[in-house]
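The next block holds one structure in the form of structure tokens; read it before the comments.
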Amino acid sequence: AFMAVGHVAGKPANQIVPEDPAGRAAWADEFAGALALLHGATARPEADVRDVLRAEIVDLRRRTLERERAPHPGLSLGLSWLEAHLDDLAGRPACRVHGDFGFHNMLLDGARLVAVLDWEFSHIGDPVEDLVMFRPFMEQIGCWDRFIATYEARSGFRFNEAGARYFGVWTEVRNLVACLGSLNSLLLPQVTDIALSVAGTIYIPKYEIAVLDAIIGG
């Protein structure tokens, strides 16, 4: 497997958020079209998204055991909750998802999206995973309703509350596991980046609380 990449001219979206309603509406339409294209063009009607997630949860547990020096109750609870609620996703569609769709991973030329960056979390999954990740960005500019209406019209997929609840927990659990890896990276002889360890120290408590909040909220 491989990925071909290249340079493009553009500005990070999180640095140029428009202030005017027309500019924000144009963003909502642009991003909805991009995500609808990704999801619609890669739909896997034969796939059961629960099988994919079950394997992902096994991998998250493996990574946790490799990296964790002390148990984190929030993480243990989060992984158990995800396993127990897999059937909430029965019959859900599957497609290629980005896994970290947000302003921080977009380059724009004016109002035109020219690149989506950082595909390391990409996998076959439920389209709602990307929608849950992106919703706070659209709510930040007051355009969630416009975005989701455009996305649904173009993709043929629908926003699903049960799926949104599941992936609200999923996102925080995955982020917590990633932070554990950052914190423990200095145990590896080839890693000398102090910033990674600092990031893990700061964000592990944040994401542990976020996991619990997502479960309670769900």
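The values are calculated or read from the model by the stated rules, or taken from the named source; none is laboratory data. Every value quoted in this text rests on a predicted model; they were computed, and no experiment measured them. Using ideal geometry, Cβ is built from the backbone for each residue, glycine included, and neighbour counts are taken over all protein chains shown. Areas reflect the complete protein model, heavy atoms only, side chains present, ligands, DNA and RNA absent. Shrake-Rupley method; radii C 1.70, N 1.55, O 1.52, S 1.80 Å.
Can you send over the solvent-accessible area of Lys206, 1.4 Å probe, protein chains only, in Å² to the nearest 10?
Rounded to the nearest 10, the figure is 100 Å².
At 222 nm, what helix-only mean residue ellipticity would the chain give, in deg cm²/dmol to the nearest 500, using -39500 (n - 2.57) for each DSSP H run of four or more?
Result for the chain: -19500 deg cm²/dmol, rounded to the nearest 500.
With a 10 Å cut-off between alpha carbons and a GNM built on the chain, which of Gly125, Gly200, Gly102 moves the most?
Of Gly125, Gly200, Gly102, the most mobile in the Gaussian network model is Gly200.
Label Asp193 and Asp20 with points 7 Å out from Cα along Cα→Cβ: what is the distance between them in nm?
3.9
Got a sec? What order do Met138, Met133, Met3 fall in by accessible area at 1.4 Å, biggest, i.e. largest, first?
Met3, Met133, Met138
Just to be sure I understand: with springs between alpha-carbon atoms less than 10 Å apart, which residue in Tyr203, Tyr151, Tyr166 has the highest mean-square fluctuation in the Gaussian network model of the chain?
Sorting by GNM fluctuation, first place goes to Tyr203.
Between the alpha-carbon centers of region 1-45 and region 83-126, tell me the distance in whole angstrom.
Cα centres, region 1-45 to region 83-126: 11 Å.
May I ask for the angle, rounded to the nearest 10°, between helix 161-184 and the longest principal axis of the chain, with both axes built from Cα atoms and the value confined to 0 to 90°?
It works out to around 50 degrees.
On the accessible surface of region 1-136, probed at 1.4 Å, how many percent belong to carbon and sulfur atoms?
Whole-percent figure for carbon plus sulfur exposure: 56.
Percent relative contact order of region 121-218, based on C-alpha pairs within less than 8 angstrom and at least six residues apart?
26
Give me the one-decimal nm value for the distance between modelled label points at Lys206 and Ala115, 7 Å along each residue's Cα-to-Cβ direction.
2.5
Please report, to two decimal places, log10 I(q)/I(0) for region 3-44 at q = 0.16, 0.17, 0.22 Å⁻¹ as given by the Debye formula with identical point scatterers on the Cα atoms and no solvent.
Ignoring solvent entirely, the Cα scatterers give -0.62, -0.68, -0.92.
Defining a contact as two alpha carbons under 8 Å apart and six or more residues distant in sequence, what relative contact order in percent does region 154-210 show?
Over region 154-210, the number comes to 36 percent.
So for Phe147, Phe137, what's the accessible-area order with a 1.4 Å probe, most first?
Phe137, Phe147
How many percent of the alpha carbon pairs in region 1-85 exceed a separation of 17 Å?
Distances greater than 17 Å cover 72 percent of the Cα pairs.
P(r) tail for region 119-218, what percent of Cα pairs lie past 17 Å?
When every Cα pair of region 119-218 is considered, 62 percent fall beyond 17 Å.
If contacts are Cα pairs under 8 angstrom and at least 6 residues apart, what is the relative contact order of the chain in percent?
Computed value for the chain: 27 percent relative contact order.
Taking region 1-74, which trypsin sites (Lys or Arg not before Pro) meet the DSSP loop condition and have no more than 11 other C-beta atoms within 10 Å?
When the trypsin sites (Lys or Arg not before Pro) of region 1-74 are filtered for loop state and at most 11 Cβ neighbours within 10 Å, Arg69 remain.
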